[in-house]
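The values are calculated or read from the model by the stated rules, or taken from the named source; none is laboratory data. Everything numeric in this text was worked out from a predicted model, so none of it was measured. For neighbour counting, all protein chains shown are included, and Cβ atoms are generated from backbone atoms with ideal geometry for every residue, glycine included.
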Amino acid sequence: MRTAQLYCADAYACPVPSPSIVLISEEHPTEMLAGFARYQAEYDVRVARSCHEALLTTHDIVAEGGTVALFASESVLPDAEVLHCFHKLREKVPTARRVIACHWDRFLTDAPGLRAGMAKGKYDAFLLMPRGTRDEEFHNAITDLLSDWGSTVPDPEVVAVKIISPSRDGLTMAIRDFLDRMGMPSRVWEPDTDAGRYVLEKWGREPAYPLVCRANGEVIHATSVRDVAINVYGAPTEIDLEHVVDVAVVGGGPAGLAAAVYAASEGLSTVILEAEAIGGQAGTSSMIRNYLGFPRGISGMRLAQRARNQALRFGAQFFTGQVVDELRPGFDGDPHVLCTESGEVRARSVVISSGVAYRKLRVEPVEQLVGSGVYYGAAMTAAREMDGQDLYVVGGGNSAGQAAVHLARFARSVTILVRRPDLAETMSQYLIGEIEYNSRISVRTCTAVVDGGGDGRLEWLGLEDVRTGEREQVPAYGLFLLLGAEPRCDWLPPEVSRDERGFVLTGRDVPKERWTDGLPPENLATTVPGIFAAGDIRAGSMKRVASASGEGASVVPLVHAWLAPAPEGAPV
């Protein structure tokens, strides 16, 4: 069997089986193999002529210690329907991506009957088999799927940061989750492994965990995620901007990133202040399938990193790790001032896009286990540690559905808990269909978490039927809480009106007594001239990635109008 060299540390390599690509074709195996020829240098490419043979091949790969990254099948097989075959293969390797590579003779006739299966997650892409060399449209789809696979497997092939820890404690998982969100693949080794001994030797002092080793060999003892961020990206520099900028964006989620891209592309001097990892809450999504222009879906991390690079290309400045403590509104021509620990930003206009946080469960025994089996958000990194376990997801929105589908790649079972009688009111139909199809996912309606516990980590949950009050105790290895939104805007001054829940009011939602000359502010404008709000922080927003991005783009014309000089003689 072909092996690849996985560089566990700079001084040595440890051979592991190459991930496999299994091609399934009876009628056109030669064409299929030719289409995947370029992958043979780095993947173990095998050909099976039937579903039965593909199952035997997969069994052999797993028995040899390997795994399958991708199954690619023709649309017609001799011994099974292709979707039934994929279902069988999914049971053996849940993490593998599944592609139908249809021969051009059958593409138009087979497509209508098979494409509907993608909506239920039965497979990932319906492609036309390559008709010759350098069919880059085909290979773009394949490499996207392989890249997605590589970012979600427990042990990535490429490792940018090594983490040495004797346990998967809350801090270790939080560090790895941060690195994942920043697009930096990492892996955890125990101290008594070759990689652990290598890093400990470079550390050269009394062991203290977790140890984090960068690609350049520098080792630190991390006491917080911030330590790692400073080690990788450098300490936050003092914000020393000599000039007043045109627009300051607070928050690097989809709305803030869109505002930065459009503002910078139109020549406005633009600064983005982000407290955590770029991408906000959306950056934790394992796969967003209904975002326009990405038919095979895109992870929140990739979407955020692409948008960040796009904004940088147009000249936007990013200051990450910067928590805005105060906003001092400017009046009578004075700039607005954003205050952080590292300095101040003076801006002629401000876009508030600081997003929301997941609402707390507020069940004290469960809260005490956060980081030890209990997680707020999708926690993509923690998902990789849940192999063969029984997990629970609390929440009925799209984020909860996406988390459940992702967790099902690893867990033995995933149970979605919702207080409502069904998911239809809060979740997109495509996700409901995918959940119904996945045999590892079940839904318990009218159910709430009321208790939980374990010896140092989560071991059980107490569930209550909200209709009858009946309670039961169930074993649980992981609990993922995606409970809705709470605004992050305690730093805003009273001049910026908010609703009773703390969300920023804009446009006609602003109370009439705060209107000017009987007219409401513009749709995305707040009660302070020159200060705007976009995305989840805004009262009445849709709480969707696409709508947040749209609001971020839509706010830029309002910024332009505010910055434009008033006609001579016109009231200011």
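Data table
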{"quantity": "Hits in region 421-459 - residues which are within 20 Å of LYS360 (Cβ to Cβ) and touching a strand residue (DSSP E or B) at 6+ places or on another chain (Cβ under 8 Å)", "calculated": "THR447, ALA448, VAL449, VAL450, ASP451, GLY452, GLY453, GLY454, LEU458"}
{"quantity": "Output for region 142-151, where each listed residue is buried (at least 20 other Cβ atoms within 10 Å of the Cβ) and either over 19 Å from the mean Cα position of the chain (by Cα) or modelled with pLDDT under 85 (or both)", "calculated": "ILE142"}
{"quantity": "Neighbours by Cβ (under 7 Å, 6+ apart or cross-chain): first from region 292-310, closer than 12 Å to ALA546 by Cα; second among the polar types (S, T, N, Q)", "calculated": "GLY300/THR284; GLY300/SER285"}
{"quantity": "Only one of GLY121, GLY132 that is of a type in the set (Gly, Ala, Ser), buried (at least 21 other Cβ atoms within 10 Å of the Cβ) and part of a loop (DSSP other than H, G, I, E, B)", "calculated": "GLY121"}
{"quantity": "Meets criteria (assigned by TED's automatic domain parsing to the domain that holds ALA316 and either of a type outside the set (S, T, N, Q) or touching a Leu at 6+ places or on another chain (Cβ under 9 Å) (or both)) for GLY196", "calculated": "no"}
{"quantity": "Residues located in region 371-429, provided they are touching a Ser or Thr at 6+ places or on another chain (Cβ under 6 Å) and not in a loop (DSSP other than H, G, I, E, B)", "calculated": "MET380, ASP390, TYR392, ASN398, GLN402, HIS406, THR415, LEU417"}
{"quantity": "Cβ pairs under 6 Å, 6+ apart, first in region 160-183 and touching a residue at least 40 places away in the same chain (Cβ under 8 Å) and in a helix (DSSP H, G or I), second surrounded by fewer than 19 Cβ atoms within 10 Å (Cβ to Cβ) and hydrophobic (A, V, I, L, M, F, W, C)", "calculated": "ALA174/VAL225; ILE175/VAL225; PHE178/VAL225"}
{"quantity": "Complete set of residues in region 310-342 that are more than 23 Å from ALA525 (Cα to Cα) and over 30 Å from the mean Cα position of the chain (by Cα)", "calculated": "none"}
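For (1) in a loop (DSSP other than H, G, I, E, B); (2) under 30 Å from SER399 (Cα atoms), each residue gets a yes or a no:
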position	(1), (2)
LEU292	yes, yes
ASN309	no, yes
VAL323	yes, yes
CYS339	no, no
GLU344	no, no
ARG348	no, no
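Quick grid of which residues meet (1) free of Cβ contacts under 8 Å to residues at least 12 places away in the same chain; (2) of a type in the set (Lys, Arg); (3) buried (at least 18 other Cβ atoms within 10 Å of the Cβ); (4) assigned to a strand (DSSP E or B):
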{"site": "LEU23", "(1), (2), (3), (4)": "no, no, yes, yes"}
{"site": "GLU27", "(1), (2), (3), (4)": "no, no, no, no"}
{"site": "ALA41", "(1), (2), (3), (4)": "yes, no, no, no"}
{"site": "LEU56", "(1), (2), (3), (4)": "yes, no, no, no"}
{"site": "GLY66", "(1), (2), (3), (4)": "no, no, yes, no"}
{"site": "PHE71", "(1), (2), (3), (4)": "no, no, yes, yes"}
{"site": "HIS84", "(1), (2), (3), (4)": "no, no, no, no"}
{"site": "VAL99", "(1), (2), (3), (4)": "no, no, yes, yes"}
{"site": "ALA111", "(1), (2), (3), (4)": "no, no, no, no"}
